[in-house]
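In what follows, a structure is listed as structure tokens, so that the remarks can point back to it.
The values are calculated or read from the model by the stated rules, or taken from the named source; none is laboratory data. Small disclaimer: the values here were computed from a predicted structure and weren't measured. Backbone-built Cβ (ideal geometry, glycine too); neighbour counts: all protein chains shown. Quick note on the areas: whole protein, heavy atoms, side chains included, nothing else; ligands and nucleic acids left out. Shrake-Rupley method; radii C 1.70, N 1.55, O 1.52, S 1.80 Å.
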Amino acid sequence: MEEFITSYGLEFPVFREKMIAGAAIVAGSSALALYLKQEGVEPGFSPNDMDIFITSPVELGESCRFISFLNHKVVGQLAYFFIRSGYNVTRTHEQKEQKEQKENHYENVNGITCILCFEHPFLKTTIQLICLRANDVVQAIQESFDLTACMTWWDPSLNRMQTR
């Protein structure tokens with residue numbers, strides 16, 4: 001995982017610390033590819049982004065105003081970390097817009113309040129910070145992802161890829 005995070009221009013110890021503090025996980029295609037590699041299987045594909053799932057504060061409601069998230073301790077710490085690491089905020093999506101426009105492949109994940117997208121102009125890497133109205137992000141992806149193979153995540157506390 002450290003090599004993958006470093007390829008995104010992020011300091012691994014700081015990234016891991018912020019992920020643990022925010023009870024956040026990396027899931028999606030990058031987690032699946034890394035899990036397969038961890039188990040000695042060639043994934044046969046390269047992930048095109050990193051998806052981070054984090055609990056979104058209910059008090060923000062359905063608002064996806066970037067400034068609101070910067071003011072929230074947990075989400076804001078990750079967002080500031082990405083910005084300090086050279087990432088630009090490229091877009092935000094409210095759950096309502098996602099359903100109407102069908103432009104995000106996480107439209108079936110229950111409880112998404114917002115997706116903040118960060119892109120690094122030189123590394124050409126993308127991070128999606130997916131905010132969920134859930135107490136347990138692992139449980140949320142297990143209940144929402146349609147394939148068991150996709151129910152794979154990086155547990156920053158254990159520094160290990162996990163699957164259902």
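Side notes on the structure shown:
- Residue pairs whose Cβ atoms lie under 6 Å apart, separated by 6 or more positions or on different chains, with the first residue in region 1-18 and in contact (Cβ under 8 Å) with a residue 24 or more places away in the chain and of a type in the set (A, V, I, L, M, F, W, C) and the second part of a loop (DSSP other than H, G, I, E, B) and open to solvent by less than 40 Å² (accessible area, probe 1.4 Å), are Leu10/Ser85.
- 1 or more residues at pLDDT below 65 and surrounded by 13 or more Cβ atoms within 10 Å (Cβ to Cβ): qualifying helices (runs of 4 or more DSSP H) within region 1-104: 66-70, 95-101
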